[in-house]
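Some notes on the structure that comes next.
Derivation of every value follows stated rules applied to the coordinates shown; laboratory data play no part. Everything quoted here is computed from the prediction, not taken from an experiment. Heads up, the Cβs are rebuilt from the backbone with ideal geometry, glycines too, and the neighbour counts pull from every protein chain shown.
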There are 2 protein chains.
Amino acid sequence: MSLYEATVPQFKKMLSNLDRWLQAAVAHAETKKFDPNTLVVARLAPDQYPLARQVQAACDQAKFGAARLSGKEPPKHADTEQTIDELRARIRVVIEYLDTFTPADFTGKDEALIALPFLEGKRITGSNYITEMTYPNFYFHVTTAYAILRHNGVNLGKRDFLGSMTLV
Amino acid sequence: MSLYEATVPQFKKMLSNLDRWLQAAVAHAETKKFDPNTLVVARLAPDQYPLARQVQAACDQAKFGAARLSGKEPPKHADTEQTIDELRARIRVVIEYLDTFTPADFTGKDEALIALPFLEGKRITGSNYITEMTYPNFYFHVTTAYAILRHNGVNLGKRDFLGSMTLV
């Protein structure tokens, strides 16, 4: 498996899907005549992050995943989004950032040892970083964002979650 | 990235984590003095699958992922689980099934074209099958199972979700 193919295009697709779920949330709010931005603070449990943080964290997992694998310095984001429009703008910026990577940025990174600020002196190989950390975290946050919207009545289904497939 | 490493050990770990979340749910029910099996039919939206189906689907994504990549016939499961204990038994059986695979079962499968019953004449490469279909579906169902438990007050956090990492 190509580390690039397993990450950048898939992250971009899932973030584009997430953007469409947010658009569906706005459409749902218009139909039901409520302010769509009330959803930004919606959460499934009082001690779980709300929608805004789920979207920010999904963006961060994709951004840091690509940056750390390639050894590039990731752009900083202030996590100040308070509206659906601002969350959608955050997603757009991260997709544009992912567009700056090419397969060559990931050559030989499968076995490269990556240091992470929160690992306290330990390191992890590039492929384990993606398989054990970035992927589960990324999907955790996109799925939880999706679940918050579904729980609040937004009309979404599994096809909206998965998006398009590369069939031959 | 090794297709085996990206799938079998990670699926096993996440299914073991899922099993521990179910144990935590039972402990929570004992503390709060309710029947833990009421959670089996809990769901986040009336038109989303309940906990039982989320666990069954996570098991199926792992089972079918390994089976279809390797070209082996997967075992059948009747999806009749109605208790937490039965769901935990289902997880155990699928982990044991995953244990029957070795890296050699996946050699050269990255580029192999896989036919799926629901693809209507189309096929998908092994690595796209994992990246675009199995992984998002698998994490969708484990995360939704986790979210249903969190929504119902079970004491879990992100470390319980991720489990152990291969650090060096």
| note | Residues of the range B:148-168 being part of a helix (DSSP H, G or I) and in contact (Cβ under 8 Å) with a residue 24 or more places away in the chain, in sequence order, are B:I148, B:L149, B:H151, B:D160, B:F161, B:L162
| task | Return only the number of the condition from (1) part of a helix (DSSP H, G or I); (2) facing chain A (nearest Cβ under 8 Å) that B:Y129 does not satisfy. | result | (2)
| Assuming B:P117 fulfils every condition listed in (1) surrounded by fewer than 17 Cβ atoms within 10 Å (Cβ to Cβ); (2) over 16 Å from B:G65 (Cβ atoms); (3) free of Cβ contacts under 8 Å to residues at least 40 places away in the same chain apart from one, which condition is it? | (2)
| Total residues in the range A:111-122, condition touching a helix residue (DSSP H, G or I) at 6+ places or on another chain (Cβ under 9 Å) and either in a loop (DSSP other than H, G, I, E, B) or within 7 Å of chain B (Cβ to nearest Cβ) (or both) | 4
| task | State which residue is farthest from the other protein chains (Cβ to nearest Cβ) when the search covers only the range B:156-168 and only residues that are closer than 21 Å to B:A27 by Cβ and surrounded by 15 or more Cβ atoms within 10 Å (Cβ to Cβ). | result | B:D160
| said: If the requirement is being more than 8 Å from chain A (Cβ to nearest Cβ), assigned to a helix (DSSP H, G or I), farther than 23 Å from B:D19 by Cα and of a type in the set (A, V, I, L, M, F, W, C), which of these qualifies: B:A104, B:A145? | reply: B:A104
| field | A:K76 vs. criteria surrounded by fewer than 21 Cβ atoms within 10 Å (Cβ to Cβ), more than 17 Å from A:A145 (Cβ to Cβ), in contact (Cβ under 8 Å) with a residue 40 or more places away in the chain and out of contact with any helix residue (DSSP H, G or I) (no Cβ under 6 Å at 6 or more places or on another chain) | value | no
| said: With the structure loaded, tell me whether B:F138 is in a helix (DSSP H, G or I) and facing chain A (nearest Cβ under 7 Å) or whether it fails that test. | reply: no
| query | Would it be correct to say that B:G65 is under 23 Å from B:M1 (Cβ atoms) and not in a helix (DSSP H, G or I)? | reply | no
| request: List every residue pair whose Cβ atoms lie under 6 Å apart, where the two residues are 6 or more positions apart in sequence or sit on different chains, the first residue falls within the range B:1-28 and is more than 12 Å from chain A (Cβ to nearest Cβ), and the second residue, located anywhere, is surrounded by fewer than 19 Cβ atoms within 10 Å (Cβ to Cβ) and of a type outside the set (A, V, I, L, M, F, W, C). | output: B:D19/B:R88; B:L22/B:R88
| Looking at B:I124, is it surrounded by 13 or more Cβ atoms within 10 Å (Cβ to Cβ), among the hydrophobic types (A, V, I, L, M, F, W, C) and within 22 Å of A:A6 (Cβ to Cβ)? | yes
| Within the range A:21-73, tally of residues that are crowded, with 22+ Cβ neighbours inside 10 Å and at positive phi | 0
